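Supplied in structure tokens, the structure appears directly below.
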Amino acid sequence: MKKIALFVIVALTLLGCQPKEEVTAQEPQGSVVYMTKEITPEALINIYQALGVPAEGRVAVKISTGEAGNNNHLKAELIGPLVKLVNGKIVECNTAYAGSRMNTEDHLKVIEEHGFNTIGGVDIMDADGEIKIPVRDTTYMRYNIVGKNLQNYDFMINLAHFKGHQMGGFGGVLKNASIGVASRNGKTYIHTNGQSEDYTKLWDYIQPENQDMFLECMATAAAAVHDYFKGKVLYIAVMNNMSIDCDCNGNPTPVALKDMGILASTDPVALDQACIDLVLGQEQSADNDVASMKERIESRHGIHTVEHAEKIGLGSRKYTIISIDK
């Protein structure tokens, strides 16, 4: 166990960050989050294997395909070898906002432009409809509305690109599981705190004073997807090309943060918390605009998504980072 503690301290020290929780030499604190500073196809496979949970059966690999004009999304050449290793299928859903991915025909064009069709293809899960799945927190949502084809998979690898977000403050694995897996109407249902299931009325219900409700709905939807797979979900976050804007923005604020690596866990709450702590734990410099990311997350109260996800039992905000780098 002393070796585990040493791994944690080395990983965080090299990044110029401090661990969220003081690490003892006896036992890891909270959930284990694995980390590598390398961002390569080989490193992505290594961190998947470090989790020790093989993806079996019909495997969905959930990514964001990225809006046309946005070049910050995860690249096909980076994720392709992992997708092929697990014999997986990339899965996505259409967007509720007007853009290049709002309907299936246009979305498929973006997928081709971004090269995802070359690594096994992409299943737009709500192309032929949607289904409702149970939620554990019914404060605002009676159910979660997801792409119909979710029912075609036995296992999910939630492969997220960590970055900022215009509405949620940040986008990590919780957003990738909630907004990302929701159908167009499901996205609207989350964004409007359960008030509307009609994507054509998305902007009729969104009010700034309801921000915390929206964030809690994201946590609720993420838990619903986790529960749907009965825990057969792995979570991986790639921390590169980090803008304060999401990959769903076709004209994002330029990248102004240093690449940090890849993190993975079976606990999505711990993983998102670790990513937030690592990126905000860096020092501000001319080539590393930590202040803008901090402002983006705090101004949207982004941490509340993680707080609520922990509250409803999806995971723990306490974690230990273990480096897999030699």
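The values are calculated or read from the model by the stated rules, or taken from the named source; none is laboratory data. Only a predicted model underlies this, so the values are computations on that prediction, with no experimental measurement involved. A quick note on method: Cβ atoms are made from the backbone with ideal geometry, for glycine too, and the neighbour counts reach across all protein chains shown. For the accessible areas, the whole protein counts, side chains as well, though only heavy atoms, and no ligand, DNA or RNA atoms are used. Shrake-Rupley method; radii C 1.70, N 1.55, O 1.52, S 1.80 Å.
Give the residue that is surrounded by the most Cβ atoms within 10 Å (Cβ to Cβ), with candidates limited to residues of segment 81-108 that are under 21 Å from A60 (Cα atoms) and of a type in the set (S, T, Y).
Filtering first and then ranking leaves T95.
Moving on to the next point. Could you check how many residues of segment 181-214 are of a type in the set (V, I, T) and modelled with pLDDT under 95?
Number of matching residues: 2.
How do the pairs read when you match residues in segment 305-326 that are closer than 14 Å to M218 by Cα with residues anywhere that are open to solvent by less than 20 Å² (accessible area, probe 1.4 Å) and β-branched (V, I, T), using Cβ under 8 Å and keeping only pairs 6 or more apart or on different chains?
V306/V269; V306/I276; H308/T220; A309/V269; E310/V269; I312/T220; L314/V269
Which residue is most open to solvent (accessible area, probe 1.4 Å), if the candidates are limited to segment 286-316 and must be part of a loop (DSSP other than H, G, I, E, B) and closer than 26 Å to E38 by Cβ?
Across segment 286-316, the extreme among qualifying residues is A286.
Got at least one residue in segment 17-26 being surrounded by 22 or more Cβ atoms within 10 Å (Cβ to Cβ) and either at pLDDT 95 or above or of a type outside the set (D, E) (or both)?
no
Consider segment 125-147. How many of its residues are open to solvent by less than 10 Å² (accessible area, probe 1.4 Å) and closer than 21 Å to A160 by Cβ?
6
Hey, another quick one. Specify which of the listed residues (V269, V233, V279) is in contact with an Asp or Glu (Cβ under 9 Å, 6 or more places away or on another chain) and among the β-branched types (V, I, T).
V269
Among the residues of segment 58-80, are any more than 24 Å from D247 (Cβ to Cβ) and of a type in the set (S, T, N, Q)?
no
Going by the conditions given, is R317 among the basic types (K, R), touching a helix residue (DSSP H, G or I) at 6+ places or on another chain (Cβ under 8 Å) and under 22 Å from I157 (Cα atoms)?
Yes; evaluated as a whole, the condition is true for this residue.
Can you pull out the helices (runs of 4 or more DSSP H) entirely within segment 134-236 that have at least 2 residues that are under 20 Å from the mean Cα position of the chain (by Cα)?
Correct list: 173-178, 184-191, 211-228.
Give the residues of segment 192-225 that are open to solvent by 30 Å² or more (accessible area, probe 1.4 Å) and within 24 Å of C275 (Cα to Cα), sorted by residue number.
Q211, D212, M213, E216
Hey, among the residues in segment 40-75 that are in a helix (DSSP H, G or I), in contact (Cβ under 8 Å) with a residue 12 or more places away in the chain and open to solvent by 10 Å² or more (accessible area, probe 1.4 Å), which one's nearest to I322 (Cα to Cα)?
Result: A50.
Please go through segment 109-124 and give me each residue that is over 17 Å from L78 (Cβ atoms) and crowded, with 20+ Cβ neighbours inside 10 Å, ordered by number.
V110, I124
Further question: In segment 105-133, what residues are assigned to a helix (DSSP H, G or I) and basic (K, R)?
K109
Might you let me know whether segment 273-285 holds any residue that is open to solvent by 10 Å² or more (accessible area, probe 1.4 Å), of a type in the set (S, T, N, Q) and not in a loop (DSSP other than H, G, I, E, B)?
Scanning segment 273-285 turns up at least one residue that is open to solvent by 10 Å² or more (accessible area, probe 1.4 Å), of a type in the set (S, T, N, Q) and not in a loop (DSSP other than H, G, I, E, B).
Next question. Under 6 Å between Cβ atoms, which residue pairs at least 6 apart in sequence (or on different chains) link something in segment 239-267 that is surrounded by fewer than 23 Cβ atoms within 10 Å (Cβ to Cβ) and in a loop (DSSP other than H, G, I, E, B) with a partner that is among the hydrophobic types (A, V, I, L, M, F, W, C) and at pLDDT below 95?
G250/A68
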